[in-house]
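The values are calculated or read from the model by the stated rules, or taken from the named source; none is laboratory data. Keep in mind that this is a model prediction, so the values were computed, not measured. Using ideal geometry, Cβ is built from the backbone for each residue, glycine included, and neighbour counts are taken over all protein chains shown. What goes into the accessible areas is simple: the full protein's heavy atoms, side chains included, and nothing from ligands, DNA or RNA. Shrake-Rupley method; radii C 1.70, N 1.55, O 1.52, S 1.80 Å.
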Amino acid sequence: KRSNGVYYCGSPNDGFPSYTTMSHSLYKSSSWLNIVALRLILGFLFSFMIEPFDVLKNSIIEVLFGFVNCEESWNLVSVYWGLEMIGRKNMGRASPLLLVLLALGFFFAMYNLLTLVIQYKDSSSGAGSGIPDPVIRMPTNLRKLGKSNLKFHVALTATDAPYSQWQCRIMYYWYKKMKNMPGSDMGKFTRVLHSGRGDHLMDEIPTFVVDPLPEGLDRGYIVLNRPWAFVQWLEKATIEEEYILMAEPDHIFANPLPNLAHGDNPAGYPFFYIKPTEREKIVRKFYPEEKGPVTDIDPIGNSPVIIKKSLLEEISPTWVNVSLRMKDDPETDKAFGWVLEMYAYAVASALHGVRHILHEDFMLQPPWDLEVGKRFIIHYTYGCDYNMKGELTYGKIGEWRFDKRSYLSGPPPKNLSLPPPGVPESVVRLVTMVNEATANIPGWDSLNSG
């Protein structure tokens with residue numbers, strides 16, 4: 001996961017990850033020479049502006065603030081203020097040649113400015129943008145709105161295996177702590193248990209039992225039961241809330257979660273490894289060209305997603321069918337591997353014309369995300385391995401480690417050791433929250449199996 005400009009490009013079960021430095025150009029529409037020229041020309045031009053042109057000057061500065069970061073903004077304003085002081089002193093001595101140069105400068109400046117505006121509009125409606133905003137894609141008309149203030153039902157799909165059970169218990173503990181805190185729009189909670197039978201957590205966690213797929217249909221890929229579980233739950237259960245959060249057992253609520261969705265635009269988290277545009281040949285098997293460009297497929301999985309219940313009722317059957325078709329296609333199965341069901345949800349949503357608002361702050365994934373900050377969900381799918389110097393040893397078992405896969409047959413013990421000094425705050429926070437939950441959940445050590 002992204003950390004200090006570096007992106008992790010492997011899977012959770014790979015060995016050492018491969019890394020690629022991702023360089024983002026803030027001004028995608030112009031070369032760096034044009035940017036330098038733009039800043040100098042605008043500074044020179046603005047220095048000679050007097051009333052009534054001050055209104056235009058201020059408007060252009062205000063627009064530019066929307067395209068540059070703080071450092072670039074202050075650099076631009078510094079150029080402007082310095083040159084304006086000189087310009088106002090020399091306004092009366094302006095020569096015809098200088099006025100011609102100013103006119104040319106104004107033309108080139110406005111050309112570059114309009115190019116930036118066009119590029120900004122394109123990037124806002126595309127798959128992503130260079131604008132430093134935790135909401136990386138959102139319909140323009142919705143950016144002016146606040147949060148929806150509508151409650152959402154928290155639903156996670158799970159099995160009755162001990163590995164799934166202890167994660168659900170920790171997840172439910174933190175749901176209860178965050179539910180009624182200021183800023184939360186959490187409604188009721190359901191563990192959608194797709195084992196076909198109840199287990200010993202039925203009295204502890206609100207649970208709705210559904211059937212798994214017919215034997216052999218998932219071909220050992222148990223995640224295929226997730227869309228089928230949602231289809232059954234939506235058909236049979238009474239759900240009071242208008243919105244639903246699709247969550248997973250290995251999620252911990254780190255901050256109170258508001259409803260990030262708006263109307264028919266669900267909220268999702270952008271996964272760096274879901275890349276429909278780079279998999280177009282395969283994706284087109286399930287998303288034909290007449291449906292639209294591949295860029296209409298969001299880089300998401302089904303979780304975490306906050307979505308209108310009525311939309312999920314429409315999408316879920318398609319999600320089941322696309323998942324099974326992808327699994328039946330050897331090329332697709334090999335290419336998508338463990339994220340196949342995530343691609344299936346993304347494609348199914350696009351087939352129904354649904355676009356998601358993508359929130360980078362929706363979730364963090366230690367150890368690649370270093371701080372919790374204001375993000376809402378900790379997703380602990382990756383192992384955290386460090387030496388005693390606090391250095392990450394991913395792919396190699398560390399002297400200190402926390403990995404959920406170390407506890408496949410039963411829950412982790414209480415009071416896990418905290419990471420050594422130097423380990424990122426996100427990992428420390430994760431272990432601290434696990435320890436708090438295990439210390440306060442009744443019968444933690446006694447309930448080890450279904």
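Just to check your reading of the model, which residue among THR238, THR295, THR277 is over 24 Å from VAL372 (Cα atoms) and out of contact with any helix residue (DSSP H, G or I) (no Cβ under 8 Å at 6 or more places or on another chain)?
Of the residues listed, the single one that is over 24 Å from VAL372 (Cα atoms) and out of contact with any helix residue (DSSP H, G or I) (no Cβ under 8 Å at 6 or more places or on another chain) is THR238.
Using the structure shown, decide if GLY443 is assigned to a loop (DSSP other than H, G, I, E, B) and more than 23 Å from MET171 (Cβ to Cβ).
Here the answer is no, as GLY443 does not meet what is asked.
Residues of region 209-226 being closer than 15 Å to PRO249 by Cα and either assigned to a strand (DSSP E or B) or modelled with pLDDT of 95 or more (or both), which ones?
ASN225, ARG226
Please give the strands (runs of 3 or more DSSP E) falling wholly within region 360-431 in which 2 or more residues are in contact with a strand residue (DSSP E or B) (Cβ under 7 Å, 6 or more places away or on another chain) and farther than 28 Å from ILE306 by Cβ.
In region 360-431, the matching strands (runs of 3 or more DSSP E) lie at 384-386, 400-402.
Look through ALA335, ALA346 and report the one residue that is among the small types (Gly, Ala, Ser), in contact (Cβ under 8 Å) with a residue 60 or more places away in the chain and either touching a helix residue (DSSP H, G or I) at 6+ places or on another chain (Cβ under 8 Å) or not in a helix (DSSP H, G or I) (or both).
Step by step, each of ALA335, ALA346 is checked, and only ALA346 is among the small types (Gly, Ala, Ser), in contact (Cβ under 8 Å) with a residue 60 or more places away in the chain and either touching a helix residue (DSSP H, G or I) at 6+ places or on another chain (Cβ under 8 Å) or not in a helix (DSSP H, G or I) (or both).
Considering only region 295-308, how many residues are of a type outside the set (Ser, Thr, Tyr), over 17 Å from ARG226 (Cβ atoms) and either open to solvent by 10 Å² or more (accessible area, probe 1.4 Å) or touching a Leu at 6+ places or on another chain (Cβ under 8 Å) (or both)?
Here the count works out to 4.
Quick one: in region 203-242, which of the residues that are of a type in the set (A, V, I, L, M) and surrounded by fewer than 15 Cβ atoms within 10 Å (Cβ to Cβ) is farthest from ASN321 (Cα to Cα)?
Selected residue: ALA237.
Restricting to region 345-367, name every residue that is of a type outside the set (S, T, N, Q), farther than 26 Å from PRO317 by Cβ and open to solvent by less than 10 Å² (accessible area, probe 1.4 Å).
Correct list: MET363, LEU364, PRO366, PRO367.
Applying the selection to region 260-281, what residues are outside any loop (DSSP other than H, G, I, E, B), out of contact with any Lys or Arg (no Cβ under 9 Å at 6 or more places or on another chain) and buried (at least 19 other Cβ atoms within 10 Å of the Cβ)?
Within region 260-281, ALA267, GLY268, PRO276 qualify.
Can you list residue pairs whose Cβ atoms sit under 6 Å apart, with the first residue in region 379-399 being within 30 Å of MET246 (Cα to Cα) and the second being open to solvent by less than 20 Å² (accessible area, probe 1.4 Å) and among the aliphatic types (A, V, I, L, M)? Count only pairs 6 or more apart in sequence or on different chains.
Correct list of pairs: HIS379/MET363; TYR380/LEU430; CYS384/VAL427.
Condition first: surrounded by 22 or more Cβ atoms within 10 Å (Cβ to Cβ) and in contact (Cβ under 8 Å) with a residue 40 or more places away in the chain. Now tell me which residues in region 176-198 satisfy that.
Passing the criteria: only MET186.
Test ASN265 against the criterion of being of a type outside the set (A, V, I, L, M) and over 30 Å from GLU425 (Cβ atoms), and give yes or no.
yes
For the subset of region 307-332 comprising residues that are of a type in the set (A, V, I, L, M) and touching a residue at least 60 places away in the same chain (Cβ under 8 Å), which member is farthest from TYR221 (Cα to Cα)?
If we take residues in region 307-332 being of a type in the set (A, V, I, L, M) and touching a residue at least 60 places away in the same chain (Cβ under 8 Å), then ILE307 is farthest from TYR221 (Cα to Cα).
Between LEU257, LEU234, which is modelled with pLDDT of 95 or more, within 24 Å of PHE189 (Cβ to Cβ) and part of a helix (DSSP H, G or I)?
Selected residue: LEU234, the only one of LEU257, LEU234 that is modelled with pLDDT of 95 or more, within 24 Å of PHE189 (Cβ to Cβ) and part of a helix (DSSP H, G or I).
I need a count of the residues in region 158-208 that are assigned to a loop (DSSP other than H, G, I, E, B) and among the polar types (S, T, N, Q).
The number of residues fulfilling the criteria is 4.
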